[in-house]
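Below is one structure, written out as structure tokens; comments come after it.
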Amino acid sequence: MDIYQGLKNRRSIRKFKQTPLSKEQLRSYVDAARMAPSAANMQPLKYIAVNSKEMGDRLFPLLKWAGYLAPQYNPKELERPTAYIVVCADMNIRKNGYEADMGAAVENIILSALEDGVGSCWIVSVERDKLRDLLRVSENLEILCVVALGYPDESPIAVEMKNQDVKYYLENGRLNVPKRSLDDVLVEII
Ligand SMILES: Cc1cc2nc3c(=O)[nH]c(=O)nc-3n(C[C@H](O)[C@H](O)[C@H](O)COP(=O)(O)O)c2cc1C
């Protein structure tokens, strides 16, 4: 995969084929995550991968999807992710200041999956207490977010943002994701 094209064309995926991922794939995405930049090189993040259908079925209802189109665009039964990586911060290593680490690590998961042809959605709207109980997450781990994974069964596109409207929308059944223009975000090259 050409990294630049990959990261420009990547879109969040919320409809998935039901082809499972292998344990090795999930291990390789976490392996990529652990190599991400980390403030003071503390590396406070820990990961729990969920690959079984049974656990996935119990985890799925704890996530909130596509806020601007909810509940219409929630994945249907046969569109659900086939795997998840739960990203946690280990309080024994660092008690705060891990958000930037999370961003870098999640992007590594997303891009390593993308190279594999696997789509993803980064989800922060998570029922954390229920997820903690479900996965028996130990007390020292703070649940930060979940990356939902699976082979894409949709092809959302980025479109030019109009009238500062950030809301993604459906057009002919395809998700359109408004992006601010380069001229809008690049203040200056000095
Ligand atoms: C920090 C963060 C939290 C997000 N949380 C959710 C979420 O809870 N549910 C969801 O469906 N998408 C979530 N997303 C995905 C965004 O909606 C998506 O990235 C945005 O609409 C832009 O679309 P794109 O990823 O296709 O470029 C989140 C993204 C980020 C970066």
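We did not get these values from a lab; they are worked out from the coordinates using the rules stated. A quick note: this is a predicted structure, and the numbers were derived from the prediction, not measured. A quick note on method: Cβ atoms are made from the backbone with ideal geometry, for glycine too, and the neighbour counts reach across all protein chains shown.
Sorted from fewest to most neighbouring beta carbons within 10 Å, what does the list Y29, Y68, Y47 look like? Intermediate values should be presented prior to the final figure.
Numbers: Y29 26, Y68 10, Y47 19.
Fewest-to-most Cβ neighbours within 10 Å comes out as Y68, Y47, Y29.
Compute the Cα gyration tensor for the chain, then decide on rounded, prolate or oblate, letting a ≥ b ≥ c be the square roots of its eigenvalues: rounded whenever a/c is under 1.5, prolate when a/b is larger than b/c in the other cases, and oblate in all that remain.
On the way: a/c = 1.61, a/b = 1.18, b/c = 1.36.
The shape class here is oblate.
Go ahead and set up a Gaussian network model of the chain, Cα springs under 10 Å, then flag whichever of E171, E142, E79 fluctuates most.
E171
Among I110, G67, A100, which residue has its Cα furthest toward the positive end of the charge dipole of segment 39-115, with +1 on Lys/Arg Cβ and -1 on Asp/Glu Cβ?
Final value for the positive-end residue is G67.
Segment 43-135: which trypsin sites (Lys or Arg not before Pro) are DSSP loop and have at most 15 other beta-carbon atoms within 10 angstrom?
Details: sites: K46, K53, R58, K64, K76, R94, K95, R128, K130, R132; in loops: K64, K76, R94, K95.
The qualifying sites are K64, K76, K95.
Taking the Cα centre as origin and putting +1 on Lys and Arg beta-carbons and -1 on Asp and Glu beta-carbons, what dipole magnitude results for segment 33-152, to the nearest 20 debye? List each step's numbers first, then the result.
Numbers: 13 positive and 15 negative charges, 39 e Å.
With only Lys, Arg, Asp and Glu charged at Cβ, the dipole is about 180 debye.
In what sequence do I143, I189, I85 fall when counting other Cβ within 10 Å, fewest first? Don't skip to the end; give the middle numbers.
On the way: I143 18, I189 4, I85 24.
Ranked by crowding around the Cβ, least crowded first: I189, I143, I85.
Could you tell me how far the Cα centroid of segment 52-112 sits from the Cα centroid of segment 1-48, in Å?
11 Å
Hey, what do the phi angles of segment 29-44 turn into as Karplus ³J(HN,Hα) couplings, whole Hz, using 6.51/-1.76/1.60 and θ = phi - 60°, x for Gly and Pro?
Listing the rounded values in order: 5, 5, 4, 5, 4, 5, 8, 5, x, 9, 4, 6, 6, 6, 6, x Hz.
Number of Lys-Lys pairs in the chain under 12 Å by Cα, sequence gap 8 or more or different chains?
Details: K8/K179; K15/K76; K17/K76; K162/K179; K167/K179.
Taking the chain as the scope, the lysine pair count is 5.
Pull up all non-local amide H partners of A83: gap of 5 or more, or a different chain, and H-to-H distance under 5 Å with H placed in the peptide plane.
For A83, the qualifying residues are L149.
Counting other beta carbons within 10 Å of each residue's own, what order do I123, I110, I3 fall into, fewest first? Don't skip to the end; give the middle numbers.
On the way: I123 19, I110 25, I3 10.
Taking fewest neighbouring Cβ atoms as first place, the list is I3, I123, I110.
Per-residue HN-Hα couplings for segment 143-151, Karplus 6.51 cos²θ - 1.76 cosθ + 1.60 at θ = phi - 60°, whole Hz, x for Gly and Pro?
Those phi angles translate into 7, 9, 6, 10, 9, 8, 9, x, 6 Hz.
Report the relative contact order of segment 50-190, percent, no decimals, based on alpha-carbon pairs under 8 angstrom and at least 6 residues apart. Could the numbers behind the result be given before it?
Numbers: 180 pairs, mean separation 36.3, N = 141.
Computed value for segment 50-190: 26 percent relative contact order.
Kindly write out, for segment 181-190 in residue order, the coupling ³J(HN,Hα) from the Karplus curve 6.51 cos²θ - 1.76 cosθ + 1.60 (θ = phi - 60°), rounded to whole Hz, with x marking Gly and Pro.
Here the 3J(HN,Hα) series is 6, 4, 5, 6, 9, 8, 5, 5, 10, 9 Hz.
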